[in-house]
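Here's the structure we're looking at; comments come further down.
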Amino acid sequence: MSAIATAEAGSHSVAHALPPDEYFGSATPGKIGMWIFLLSDAFSFGGLLLAYGILRGGSQVWRHPGEPALGIPFTAFLTFLLICSSVTMVLAVAAATEGNRKQTMLFLALTALGGAGFLTGQFHEYFGLVPHHGLVHEGLIFGHSAYASTFYVITSFHGAHVFTGTVYILVTLARTAAGKTNANDVEILGLFWHFVDLIWILVFTFVYLL
Amino acid sequence: MAHHVARRTYWIVFGALAVLTVLEILVALPSMGVPKTPKALALITMALSKAGLVGLFFMHLKQEMRALKLTVALPFLFPALYAVVLIGEAGWRLIR
């Protein structure tokens, strides 16, 4: 009875009102839900990467004459930026667990900055922030080859995740500033953000390095 | 609630991710002249190791109970199986 009363008092106390589960311990329903969502999202990426592997593995010529090679140094910098943002995110979760609201907000802001930096970099890679730069100007046109199409579909699908993640961070940052989040909320956000980093690690290797 | 969280592991993982990224780029550079198959195997091994580090330590999967670990890990056997079969088949048609 008291557990139900606590649960009805608000979502913040639900996490602590439930007794530890026999199989899932103190993992909250929200956290398990996020993990299962990420699993389904991983399969979406898995499908795209498999299609990429099949098309590339079965092609006689992958990169046609006139199509640019993908720039590794610049993307390596973006990869490093995303890894750094994963570190600031894990530090935000640690600060939230310690109940340090100011530090949580600082590290969330830094993580969002990393996400915004990555998106700016991806825009530069596609279209060029300066004239006559960017893959579209160098002859990598969506629909012209499997090489071009798989590149744009996979990296933009990931970019959509970085955009969503950055918005999610900013919303959580605003809610933290208003005192409306707990450590569990920040941890669930962290799961999403680390997943976006994890996927990029694989995309960087399969699409750029291999 | 407000207990201290140790950050040491996070920095070690960050270092490992950075080193592995540099190694990956070195292996991938055309000027290094690494043959195709060892290069692919090395890159895939390093990428999966990095993904594992992020999952285990940054996403705290290592600290979760076994049921959650299995819920997350086991379904990946299927895409792995598809990858082996489909890419193998595509590759075979190419060299046949």
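The values are calculated or read from the model by the stated rules, or taken from the named source; none is laboratory data. This structure is a prediction, so every number in the text was calculated from the model and none was measured. FYI the Cβ positions are ideal-geometry reconstructions off the backbone, even for glycines, and counts take in every protein chain you see.
Output the number of residues of region A:177-210 satisfying the condition of being assigned to a loop (DSSP other than H, G, I, E, B) and among the aliphatic types (A, V, I, L, M).
The qualifying residues number 2.
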Identify the single condition in (1) surrounded by 13 or more Cβ atoms within 10 Å (Cβ to Cβ); (2) modelled with pLDDT under 90; (3) assigned to a helix (DSSP H, G or I) that A:ALA27 does not satisfy, given that it satisfies every other one.
(3)
Mind checking which residues of region A:40-49 are of a type in the set (A, V, I, L, M, F, W, C), within 9 Å of chain B (Cβ to nearest Cβ) and either in contact with a Ser or Thr (Cβ under 7 Å, 6 or more places away or on another chain) or surrounded by 16 or more Cβ atoms within 10 Å (Cβ to Cβ) (or both)?
A:ALA42, A:LEU49
Within region B:27-43, can you find the residues that are loosely packed, with under 15 Cβ neighbours inside 10 Å and either at negative phi or in contact (Cβ under 8 Å) with a residue 40 or more places away in the chain (or both)?
B:LEU29, B:PRO30, B:SER31, B:MET32, B:PRO35, B:LYS36, B:THR37, B:PRO38, B:LEU41
Do the conditions hold for B:ALA42, that is, is it within 9 Å of chain A (Cβ to nearest Cβ), assigned to a helix (DSSP H, G or I), touching a helix residue (DSSP H, G or I) at 6+ places or on another chain (Cβ under 6 Å) and of a type in the set (Gly, Ala, Ser)?
no
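Taking the condition of being more than 14 Å from B:GLU24 (Cα to Cα) and facing chain B (nearest Cβ under 8 Å), how many residues in region A:72-83 meet it?
So the count comes out to 1.
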One residue is enough: does region B:48-59 have a residue meeting the conditions surrounded by fewer than 15 Cβ atoms within 10 Å (Cβ to Cβ), among the aliphatic types (A, V, I, L, M), within 9 Å of chain A (Cβ to nearest Cβ) and not in a loop (DSSP other than H, G, I, E, B)?
yes
For region A:121-129, does any single residue satisfy the condition of being closer than 22 Å to A:TYR52 by Cβ, assigned to a helix (DSSP H, G or I) and either touching a Cys at 6+ places or on another chain (Cβ under 7 Å) or touching a residue at least 60 places away in the same chain (Cβ under 8 Å) (or both)?
no
Scan (1) on the phi > 0 side of the Ramachandran plot; (2) in contact (Cβ under 8 Å) with a residue 12 or more places away in the chain for the single condition B:PHE58 breaks and write down its number.
(1)
Within region A:98-113, is there a residue that is loosely packed, with under 14 Cβ neighbours inside 10 Å, free of Cβ contacts under 8 Å to residues at least 12 places away in the same chain and part of a helix (DSSP H, G or I)?
yes
Could you please find all residues in region A:37-75 being farther than 17 Å from A:TRP193 by Cα, touching a residue at least 24 places away in the same chain (Cβ under 8 Å) and assigned to a helix (DSSP H, G or I)?
A:LEU48, A:LEU49, A:ALA51, A:TYR52, A:GLY53, A:LEU55, A:ARG56, A:ILE72, A:PHE74, A:THR75
Residue check: is B:THR37 in the same structural domain as B:ARG8 (by TED's automatic domain parsing) and modelled with pLDDT of 95 or more?
no
For region A:131-151, which residues satisfy the criterion of being touching a residue at least 24 places away in the same chain (Cβ under 8 Å) and under 20 Å from A:GLY47 (Cα atoms)?
A:SER145, A:ALA146, A:TYR147, A:ALA148, A:THR150, A:PHE151
Would you mind telling me which numbered condition in (1) in a loop (DSSP other than H, G, I, E, B); (2) surrounded by 20 or more Cβ atoms within 10 Å (Cβ to Cβ); (3) not aliphatic (A, V, I, L, M) A:HIS144 fails?
(2)
In the set A:VAL186, A:VAL196, A:VAL203, the lone residue that is among the β-branched types (Val, Ile, Thr), more than 8 Å from chain B (Cβ to nearest Cβ) and farther than 23 Å from A:THR28 by Cα is A:VAL203
